[in-house]
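Participant: A single structure is presented below for examination.
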4 protein chains.
Amino acid sequence: MKIGVVGASGYAGGELLRLLAFHPHFEVTAITAHSNAGELITSVHPQLQSYVGKKFSAFAPNDFASCDLIFLALPHGESAKVIAQLPTTSKIVDLGADYRLESADQWSKYYGGGYAGSWTYGLADIEPFKSQISQSTKVANPGCYATSIALGAAPAASIADLSDLVVVAASGTTGAGRSAKISLIASEVAGSLTSYKFGGVHQHTPEIEQTLTKISGTQAKISFTPILAPMPRGILSTITAKLAKKVTTEEAHSLYVKYFADSQFVTVLPIGVMPKTAALTGSNYVQIQVAVDDHTSRLVISVAIDNLGKGAAAQAIQNANLMCGLDEAAGLRFDGLGV
Amino acid sequence: MKIGVVGASGYAGGELLRLLAFHPHFEVTAITAHSNAGELITSVHPQLQSYVGKKFSAFAPNDFASCDLIFLALPHGESAKVIAQLPTTSKIVDLGADYRLESADQWSKYYGGGYAGSWTYGLADIEPFKSQISQSTKVANPGCYATSIALGAAPAASIADLSDLVVVAASGTTGAGRSAKISLIASEVAGSLTSYKFGGVHQHTPEIEQTLTKISGTQAKISFTPILAPMPRGILSTITAKLAKKVTTEEAHSLYVKYFADSQFVTVLPIGVMPKTAALTGSNYVQIQVAVDDHTSRLVISVAIDNLGKGAAAQAIQNANLMCGLDEAAGLRFDGLGV
Amino acid sequence: MKIGVVGASGYAGGELLRLLAFHPHFEVTAITAHSNAGELITSVHPQLQSYVGKKFSAFAPNDFASCDLIFLALPHGESAKVIAQLPTTSKIVDLGADYRLESADQWSKYYGGGYAGSWTYGLADIEPFKSQISQSTKVANPGCYATSIALGAAPAASIADLSDLVVVAASGTTGAGRSAKISLIASEVAGSLTSYKFGGVHQHTPEIEQTLTKISGTQAKISFTPILAPMPRGILSTITAKLAKKVTTEEAHSLYVKYFADSQFVTVLPIGVMPKTAALTGSNYVQIQVAVDDHTSRLVISVAIDNLGKGAAAQAIQNANLMCGLDEAAGLRFDGLGV
Amino acid sequence: MKIGVVGASGYAGGELLRLLAFHPHFEVTAITAHSNAGELITSVHPQLQSYVGKKFSAFAPNDFASCDLIFLALPHGESAKVIAQLPTTSKIVDLGADYRLESADQWSKYYGGGYAGSWTYGLADIEPFKSQISQSTKVANPGCYATSIALGAAPAASIADLSDLVVVAASGTTGAGRSAKISLIASEVAGSLTSYKFGGVHQHTPEIEQTLTKISGTQAKISFTPILAPMPRGILSTITAKLAKKVTTEEAHSLYVKYFADSQFVTVLPIGVMPKTAALTGSNYVQIQVAVDDHTSRLVISVAIDNLGKGAAAQAIQNANLMCGLDEAAGLRFDGLGV
């Protein structure tokens, strides 16, 4: 199948290209990058030996005419303009935020600018999303934080109060994009932790609440504090909620194991073993641990993903696989880097 | 004044020696380290040029007879044995946990082994502790996490519900000690985040609750999840609690500024500026930011310290200054490293 | 084909398992680890989702009887004991040093202990090694430093004086193994550079000289200083030698490009683009740059590899492919991680 | 004494302010920063609690009229313009390169633009510079690489061939300045090593040769390859040269110890102990080790400094102390951070 990638010069775009080069059924035939058009792909992504000699193109709708599926990896607010120039029948996975929210008000509050509408939400490891994705030609790929937090909290719907979730999640620097800002230079970031978008204003908040409300049937609400961590990749999310009924750690763990029993990519670790972001680097896998804190009657959940893998490019490919009727794991059966 | 340091081969001990070399009124006359006795101090702490040629001694009570004040930096459970061999009138700051808890039950639950009793708690920047320290000859220096969390939550007693505090705090690796464990080697830690002591079992929990209960007059309770971060120093604590009354971010910020108005070391940053661990490295300073999350009616607090500075050695010296009737900032007026 | 791995609990062993899980023709049927026998593979290598539920075995010769090829990833001096218990016809790739040196004296000088002999040297990207490997059943996989330095210096034989090579190479911490030593804990290593095996004593010295002497036909000699770098993976080698004849950077670059024209894995970057270790992470690729320093009449070469990929496990698989008559790139056509 | 700092918003400027806040005899009365004029100092350097509430000024000559000494920390080529507006009698330490080179040709080759002339070279730990500095009102503070390399090579003049020095030196990212470039963002730098200014073109080359030529009396020549290391601070330089006469490691070490016997800041470590950049962080100290490689008849030298401390701000203060007739170590007697 022929694949196009629009916006391939960012970190998510680069990871998409890296993973697509492995894929047994996908062939990348069109690669565009607005500000890097004409440059060698390896001049931006020196790791992409598979693309040696190839260049980024400027976006030209014709280049995508023969594509079976197109990935968009654009800054938010940019996807609609590109989509308007593609055939309406194109299969599209949008890695941006533009089509994730079902509420125009929430879009307006957290992103601003014109609301583009909503597509099938591509949280590919759990229902009802997985089934919907298989029936869709347009899928909105979840945000990186949103993926880790929603997967971690979803199984808790039956035992904990999702109307007052508290989440602190730390992300590697690629989450902030490939952008020349003083606050992102290594000298500022190395050996340091700092919070940002502080006080409940991160734009993934409504996305997470939308997902958990849909799954639980009651209005979810989340206090979310993001942190920038001194590492290039990875998200570790710590989620806690008051227990709605008395359960033990063993019962909660068992519930989680059952919830993800059919998932090829979400692993609930043995009790006592903690998720570790490096174990997921470069992969589509998710590691989860859960415990009951008897002292506070709280459920505590720890979730690790790679923000560029499961949190962006790898889940996008999982979505594409489902949309194309392929094995959802095609091209994604490789382990994380570990160290 | 003559100063002794017992247990100087760990990271807190090394930082103590480093800072004491600056101190205008303290002279270190006895330095012991059990397992490194006889070795050059610089063979363990190569940065300590001020101590070139000096060696760690084995512990000998006579060496401490003439000391005006003694710092203990021992593994928990070890302090009492040493203290039994010192004159009962000795001024002592214990950097270990042994004398922090007023409840023998809590000691037994979180540490185990014989309960040693409790000393004045050395949270030197706030009352009632500061006044008590000035009157004491024995002070229990607070834990690193406990320092950052108690300082961050204390001012909130009048506006938020401290009976259901949620805290996620990440620490640099020196918090885990100078210990040869696979889980601490750089290959395992670099570029990775992982949680530990998961599910509300960290031993600083009762210490924090004891402090906040004392300050607020009502029983504080904390859900605390610690995280190991890929950096050598620093703790960033994110604290959140339900608001007990409606306040704005400006009002909360103003409350915090007033609370720490007399502190020389705790800085409430201008609204919107976030604490950053690297800014505190090597220092006794604390940076705090606070915001109201209207969406969830929660107060959110971010606190950064250096776990070895304010979180251990620097606060120990502040305590020693107060106990000795010196300016509390003597030898501690240097800024963090920054980068 | 059935594959065995002896010594799979170290970093090279873990990377071997990770890469072998991808391989289209290899199936891992025996996995041993002396000190971790009986433990889950994921308890040591939490990234290896492909091996969930599988355990390390103790070494039992029968388990390897049906293996088409066996990888040994043991500490040096251990391979011979294992080999003595395997059929003499077994195809073996030894990732250890035991069979790399053709000189018993050099073995004795740099390693000590009994000399085991020498096997075909598995520097798979260049001749005469590549052809020899294809004819061999026993191959000694090169050392990580040795791989990067020999590949970088080999093309220079015709234009520079290899009898006085100067090399400074820095390695990530996995090069020092999965070993619980104070000098390797993150607190000691983070944010710091330090040299080790200083003064020309690193054990890869004779291996590099042996290779370059064979290629150049004259006695190579190398001054080699290794450095421990604060990162988990990667080696960057800087190599310099006096020019034996006057050439320009363009001529030297062109010579390098030609030398590696047939290599699928060694990339000589465009002039001015520098090798970067992160671009190679997890891969079998090598990046090289070369320049002439007119001021000193020296050739300067920069080489980046992943010490666990090309420097160990990936090259071992390339060797296995050649030994088994497969495409040398089977299972190895994935790009480095990049960030 | 009253002190001015021109160009205080960069990393060297920030470190100067940090160190000057400690100094027993210096009071900073004027602080300018062109592009940050009017901003709070802590908005750029959040660690500088000692300067809370103070702002950067725009440069105004009158503000410096009463200064006893002025530090310039400007991009190269900018110092002369500022100096033209100051009294000719002002004591000045220029941290930039403008007055380091005695050869207009070398300036033109390596920097370009108008040649400003040369001042006393501020390599404060060794003669003849130290004596000259004490007699000077204008001092050119050495470059960071140049400091480490010249100090490391200087003692070798009597035993090794300085006409063919080979140096590979790796620097932390602050050496590249506080500049918003993609190549410096944490995602690009973290966990990776890469060389730059490759092929003998780094601008510190003539500065190092000038210093060593002056010391040795014969023309020094250096092949210098710089590397960007994934850490914020520190330089580790590896220097090697052919021995000019046969010496043992012990003899070479003894020579180095004697050479620096009078230096308060340069430490030749015991044989076998290696310099480590973290041990020097934030300090004016230098660690050196030396060995003879009998195999290649080469002297090998390892030198560690903090590029912002000894490599910039701390040595600048040492120079200022000498110029003002103070103890050269005033305000500089603190140890490195270590971890």
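Participant: Can you say whether A:GLN219 is in contact with a Ser or Thr (Cβ under 7 Å, 6 or more places away or on another chain) and in a loop (DSSP other than H, G, I, E, B), as far as the supplied structure shows?
Facilitator: Considered against the rule, which asks whether it is in contact with a Ser or Thr (Cβ under 7 Å, 6 or more places away or on another chain) and in a loop (DSSP other than H, G, I, E, B), A:GLN219 comes out as yes.
Participant: Looking at the structure I just gave you, is B:TYR145 touching an Asp or Glu at 6+ places or on another chain (Cβ under 9 Å) and among the hydroxyl-bearing types (Ser, Thr, Tyr)?
Facilitator: yes
Participant: Then there is this: For B:VAL5, state whether it is farther than 30 Å from D:VAL273 by Cβ, touching a strand residue (DSSP E or B) at 6+ places or on another chain (Cβ under 9 Å), among the aliphatic types (A, V, I, L, M) and modelled with pLDDT of 95 or more.
Facilitator: no
Participant: Could you count how many residues in segment D:47-63 are assigned to a loop (DSSP other than H, G, I, E, B), open to solvent by 40 Å² or more (accessible area, probe 1.4 Å) and polar (S, T, N, Q)?
Facilitator: 0
Participant: Can you name the residue in segment C:200-216 that is assigned to a loop (DSSP other than H, G, I, E, B) and open to solvent by less than 50 Å² (accessible area, probe 1.4 Å) and, of all such residues, is nearest to C:TYR121 (Cα to Cα)?
Facilitator: Step by step, filter segment C:200-216, then rank; the result is C:HIS204.
Participant: Is it true that B:THR88 is open to solvent by 50 Å² or more (accessible area, probe 1.4 Å) and not charged (D, E, K, R)?
Facilitator: Considered against the rule, which asks whether it is open to solvent by 50 Å² or more (accessible area, probe 1.4 Å) and not charged (D, E, K, R), B:THR88 comes out as yes.
Participant: I'm told B:SER283 meets every condition in (1) open to solvent by 10 Å² or more (accessible area, probe 1.4 Å); (2) of a type in the set (S, T, N, Q); (3) within 17 Å of the chain's Cα centre (by Cα) except one. Can you identify the failing condition by its number?
Facilitator: Of everything listed in (1) open to solvent by 10 Å² or more (accessible area, probe 1.4 Å); (2) of a type in the set (S, T, N, Q); (3) within 17 Å of the chain's Cα centre (by Cα), B:SER283 misses just condition (1).
Participant: Residues of segment C:277-292 being over 21 Å from C:GLY331 (Cβ atoms), in contact (Cβ under 8 Å) with a residue 40 or more places away in the chain and within 11 Å of chain D (Cβ to nearest Cβ), which ones?
Facilitator: C:THR277, C:ALA278, C:VAL290, C:ALA291, C:VAL292 - these are the residues of segment C:277-292 that are over 21 Å from C:GLY331 (Cβ atoms), in contact (Cβ under 8 Å) with a residue 40 or more places away in the chain and within 11 Å of chain D (Cβ to nearest Cβ).
Participant: Report whether or not C:ASP335 is of a type in the set (Asp, Glu), buried (at least 24 other Cβ atoms within 10 Å of the Cβ) and either in a loop (DSSP other than H, G, I, E, B) or in contact with a Lys or Arg (Cβ under 7 Å, 6 or more places away or on another chain) (or both).
Facilitator: Answer is yes for this residue.
Participant: Next question. Could you grab me the full set of residues in segment A:148-187 that are buried (at least 19 other Cβ atoms within 10 Å of the Cβ), within 26 Å of D:SER179 (Cβ to Cβ) and touching a Lys or Arg at 6+ places or on another chain (Cβ under 8 Å)?
Facilitator: Hits for segment A:148-187 are A:GLY172, A:THR174, A:ILE185, A:SER187.
Participant: Can you tell me how many residues in segment C:20-41 are assigned to a loop (DSSP other than H, G, I, E, B) and either facing chain A (nearest Cβ under 8 Å) or more than 20 Å from the chain's Cα centre (by Cα) (or both)?
Facilitator: The qualifying residues number 12.
Participant: For B:ALA261, which of the numbered conditions (1) open to solvent by 30 Å² or more (accessible area, probe 1.4 Å); (2) free of Cβ contacts under 8 Å to residues at least 40 places away in the same chain; (3) farther than 30 Å from B:HIS23 by Cβ fails to hold?
Facilitator: Result: B:ALA261 passes all but (3).
Participant: In addition: Does B:VAL44 satisfy being within 14 Å of another protein chain (Cβ to nearest Cβ) and open to solvent by less than 30 Å² (accessible area, probe 1.4 Å)?
Facilitator: Yes, satisfied.
Participant: For segment C:64-180, which strands (runs of 3 or more DSSP E) that fit wholly inside it have 3 or more residues that are outside the structural domain of C:ASN284 (by TED's automatic domain parsing) and polar (S, T, N, Q)?
Facilitator: none
Participant: Right, something else. Within segment A:71-85, count every residue that is under 14 Å from A:TYR111 (Cβ atoms) and open to solvent by 20 Å² or more (accessible area, probe 1.4 Å).
Facilitator: Of the residues in segment A:71-85, 6 are under 14 Å from A:TYR111 (Cβ atoms) and open to solvent by 20 Å² or more (accessible area, probe 1.4 Å).
Participant: If you don't mind, there's one more thing I want to ask. Answer with yes or no whether A:ASP98 is open to solvent by less than 70 Å² (accessible area, probe 1.4 Å), over 29 Å from A:GLU209 (Cβ atoms) and acidic (Asp, Glu).
Facilitator: No: the conditions fail for A:ASP98.
Participant: Looking at (1) more than 16 Å from the chain's Cα centre (by Cα); (2) part of a helix (DSSP H, G or I); (3) more than 14 Å from chain D (Cβ to nearest Cβ); (4) not hydrophobic (A, V, I, L, M, F, W, C), find the lone condition where C:GLU188 falls short.
Facilitator: (3)
Participant: Considering every residue within segment D:6-19, establish whether at least one is assigned to a strand (DSSP E or B), in contact (Cβ under 8 Å) with a residue 40 or more places away in the chain and away from chain B (no Cβ under 13 Å).
Facilitator: yes
Participant: If I filter segment A:298-315 for residues that are open to solvent by 20 Å² or more (accessible area, probe 1.4 Å) and not acidic (Asp, Glu), do I get at least one hit?
Facilitator: The answer is no, given that none of the residues of segment A:298-315 is open to solvent by 20 Å² or more (accessible area, probe 1.4 Å) and not acidic (Asp, Glu).
Participant: Of the conditions (1) open to solvent by less than 10 Å² (accessible area, probe 1.4 Å); (2) within 25 Å of D:PRO270 (Cα to Cα); (3) in contact with a Lys or Arg (Cβ under 7 Å, 6 or more places away or on another chain), B:GLY10 fails just one. Which one is it?
Facilitator: Going through the list (1) open to solvent by less than 10 Å² (accessible area, probe 1.4 Å); (2) within 25 Å of D:PRO270 (Cα to Cα); (3) in contact with a Lys or Arg (Cβ under 7 Å, 6 or more places away or on another chain), B:GLY10 breaks only (1).
Participant: Here's a follow-up. Can you tell me which of (1) in contact with a helix residue (DSSP H, G or I) (Cβ under 9 Å, 6 or more places away or on another chain); (2) touching a residue at least 60 places away in the same chain (Cβ under 8 Å) is the one C:ASP161 doesn't meet?
Facilitator: Unmet for C:ASP161, out of (1) in contact with a helix residue (DSSP H, G or I) (Cβ under 9 Å, 6 or more places away or on another chain); (2) touching a residue at least 60 places away in the same chain (Cβ under 8 Å): (1).
Participant: Still on this structure, please answer the following. Go through segment A:228-266 and give me each residue that's among the small types (Gly, Ala, Ser) and within 14 Å of chain B (Cβ to nearest Cβ).
Facilitator: Selection gives A:ALA229, A:GLY234, A:SER237, A:ALA241, A:ALA252.
Participant: Among C:THR249, C:THR194, C:THR205, which is the only one that is of a type in the set (Val, Ile, Thr), within 21 Å of the chain's Cα centre (by Cα), in the same structural domain as C:ALA154 (by TED's automatic domain parsing) and modelled with pLDDT of 95 or more?
Facilitator: Checking each option against the conditions leaves just C:THR205.
Participant: A follow-up question, please. Does segment B:235-255 hold any residues that are closer than 17 Å to B:VAL167 by Cβ, surrounded by fewer than 23 Cβ atoms within 10 Å (Cβ to Cβ) and in contact with a helix residue (DSSP H, G or I) (Cβ under 7 Å, 6 or more places away or on another chain), and which are they?
Facilitator: Listed by number, the list holds a single entry, B:LYS242.
The values are calculated or read from the model by the stated rules, or taken from the named source; none is laboratory data. The shown structure was predicted, so the numbers you read here are calculated from the model rather than taken from an experiment. Ideal geometry is used to build each Cβ from the backbone, glycine not excepted, and the neighbour counts take in all protein chains shown. Heavy atoms of the whole protein, side chains included, go into the accessibility calculation; ligands, DNA and RNA do not. Shrake-Rupley method; radii C 1.70, N 1.55, O 1.52, S 1.80 Å.
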